Amino acid sequence: MKRFLLILLTATGLAGVANAQSLPSAKAPEPAAEKPSCFADFSTYMNSSVKDCPLSYAGVTLFGNIDGGYGYEEHGVPMGYSADKVNYAIQRNSNRSTWLWSPNGASTSTVGVKIEEKLFDKWLFIAAADTGFNPYSMNLIDGPQSLADNNLNKALTQRSHFDSSRAGQWDNGQGFFGFSNPDYGTLTFGRTNSLASGVLGSYDPVASVAFSQIGFSSAYAGFGISPSVRVNTALTYRLTYQGFRIAGQAQIGGYELGNASTSSYQLQLGADFGNFSFDVVGGTAQNSVALSTYGGSGLPAGYDPNSILKATVGNNAGVEVLASYKWDKFKFYAGYIYGQTNNPTNTYYPGGLPTIISAGLFVPPGAVTTNAYNVPRDQNTVWTGVRYSAMKNLDLSAGVYWESQNDYLQGPALCTGSGIYTSSSKCSGGRYSYSFMADWKPIPRVDVYAGLMVSTVYGGVASGFLYTQNIDPMVGVRFRF
């Protein structure tokens with residue numbers, strides 16, 4: 001019996017050894033292959049997205065885009081030296097058919113830096129500053145100076161010029177700092193887009209400068225006055241919670257701090273319900289300044305014509321209602337903006353207006369108009385359109401835009417005539433446009449786009465124009481970094 005037990009134990013042990021030898025030996029896990037750097041070579045970098053491969057170091061990120069193209073203007077003018085674009089939409093001075101280099105067709109060329117540093121728990125310190133430029137002249141965008149550049153030019157010799165809050169500053173886009181927490185929201189202070197301006201592009205079917213009526217002119221987001229779309233000293237709070245969002249903005253200080261108005265307030269409410277999104281923004285601004293050129297006439301003696309402008313001051317207020325819905329490869333858009341402009345609260349400017357939003361420019365005494373809106377001007381703007389993702393890297397979009405204004409001409413004078421011969425720019429009228437754009441991304445950082453906008457003015461808005469319509473087919477390329 002003992003021998004049997006000994007043999008059994010021996011056999012069992014030998015079997016265990018044999019079985020162990022037949023099992024595969026355990027191997028140490030192989031280290032995961034290291035992901036190649038997106039900066040390994042030029043091709044790898046270009047085929048990476050801005051999000052996946054930012055130009056970041058120690059919490060500081062360099063960002064921007066360069067946008068240039070070439071196109072045709074049925075009725076346009078040469079590009080202004082300080083302007084950011086050409087007359088993609090019909091303007092008062094549009095006077096000739098021309099082929100020309102056409103900058104910033106899809107979006108404004110910019111370069112900037114942003115900072116995001118963790119403080120503690122979920123709290124972040126954030127900051128950003130950027131400036132817009134013309135990629136052909138390489139000048140910083142300076143709308144007020146583009147107006148002054150045309151003070152000596154009659155209509156037929158003018159270049160493109162636009163009133164703008166981008167006035168040649170190093171931070172002519174934005175320049176702010178603040179704190180952010182996913183639970184408590186984001187609070188920032190500094191030069192910031194207005195709430196109405198910041199959300200508008202997300203609800204524009206043909207979101208671009210060259211092919212969208214509301215993308216071309218910032219006056220829509222300014223509820224009638226362009227420089228109102230940026231506040232130099234804005235205190236802004238934003239909070240998103242379970243698909244709902246709320247934001248508020250208040251201007252601190254007035255002209256003396258580089259603002260285009262003496263006060264400004266805006267409130268935003270919005271939400272996302274599945275594929276449906278909407279936002280509502282309301283706001284008001286007091287004593288907003290709209291600048292204009294002398295246009296070769298009425299120049300006061302004793303002033304440098306390259307350093308003076310005219311100004312119209314008004315109180316403006318309005319509301320925008322925006323919506324979008326995504327279905328399969330289609331995304332549908334609709335929007336409405338109501339803006340009203342009244343005479344300003346402050347009607348006394350004995351010394352003119354010194355530096356407002358552009359260093360070195362001056363509005364002389366007597367060149368400030370404060371009674372342009374004895375009858376309030378009401379503007380109604382509506383649009384709709386669709387964007388179709390034809391392929392993963394190709395979007396096709398189309399939109400229709402329409403704006404109208406009331407007859408705010410005061411006194412016994414009556415509106416007569418039509419089109420460019422309408423008796424006053426204060427007569428009822430408006431502008432409308434329809435547009436198309438194709439945007440192809442052959443590689444993640446590059447857009448190749450093409451499109452056109454047909455823009456038309458009528459009634460009082462067309463008063464004093466040389467032509468009532470412009471067609472602007474163009475092609476362009478945008479590089480993002």
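The values are calculated or read from the model by the stated rules, or taken from the named source; none is laboratory data. It should be emphasised that the depicted structure is a prediction, and the values quoted were computed from it without experimental measurement. Note: ideal-geometry Cβ built from the backbone for every residue, glycine included; neighbour counts use all protein chains shown.
Here are the numbers:
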read-out	value
Given (1) part of a loop (DSSP other than H, G, I, E, B); (2) of a type in the set (Ser, Thr, Tyr); (3) within 23 Å of Thr381 (Cα to Cα), index of the condition Thr284 fails	(1)
Failed condition for Val209, given (1) buried (at least 21 other Cβ atoms within 10 Å of the Cβ); (2) touching a Pro at 6+ places or on another chain (Cβ under 8 Å)	(2)
In the range 447-468, the residues that are in contact with a Lys or Arg (Cβ under 7 Å, 6 or more places away or on another chain) and of a type in the set (A, V, I, L, M)	Val457, Val461
Residues within the range 88-129 that are farther than 22 Å from Ala450 by Cβ, part of a loop (DSSP other than H, G, I, E, B) and not polar (S, T, N, Q), tallied	3
Subset of the range 86-99 [more than 22 Å from Leu152 (Cβ to Cβ) and surrounded by 19 or more Cβ atoms within 10 Å (Cβ to Cβ)]	Tyr88, Ala89, Ile90
Any hit, the range 455-464, residues being surrounded by fewer than 18 Cβ atoms within 10 Å (Cβ to Cβ), assigned to a strand (DSSP E or B) and either at pLDDT 95 or above or in contact with a Ser or Thr (Cβ under 8 Å, 6 or more places away or on another chain) (or both)	no
Hits in the range 250-283 - residues which are crowded, with 18+ Cβ neighbours inside 10 Å, in contact (Cβ under 8 Å) with a residue 40 or more places away in the chain and more than 24 Å from Gly168 (Cα to Cα)	Gln266, Gln268, Gly270, Ser277, Asp279, Val281, Gly283
Residue in the range 81-102 that is farther than 21 Å from Gln469 by Cβ, out of contact with any helix residue (DSSP H, G or I) (no Cβ under 9 Å at 6 or more places or on another chain) and touching a residue at least 24 places away in the same chain (Cβ under 8 Å) present	yes
Condition check for Ala167: within 23 Å of Leu291 (Cα to Cα), surrounded by 22 or more Cβ atoms within 10 Å (Cβ to Cβ) and at pLDDT 95 or above	no
Residues (closer than 14 Å to Thr110 by Cα and not in a loop (DSSP other than H, G, I, E, B)) located in the range 130-166	Asp130, Thr131, Gly132, Phe133, Leu140, Asp142
Any hit, the range 44-63, residues being on the phi > 0 side of the Ramachandran plot and at pLDDT below 95	yes
Residues being among the aromatic types (Phe, Trp, Tyr), closer than 30 Å to Trp327 by Cβ and crowded, with 21+ Cβ neighbours inside 10 Å - total across the range 349-390	1
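Table: residues versus (1) under 23 Å from Gly339 (Cβ atoms); (2) assigned to a strand (DSSP E or B).
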residue: Asp183; (1), (2): no, no
residue: Ser197; (1), (2): yes, no
residue: Gly201; (1), (2): yes, no
residue: Ala207; (1), (2): yes, no
residue: Ala221; (1), (2): yes, no
residue: Gly224; (1), (2): yes, no
residue: Thr236; (1), (2): yes, yes
residue: Ala260; (1), (2): yes, no
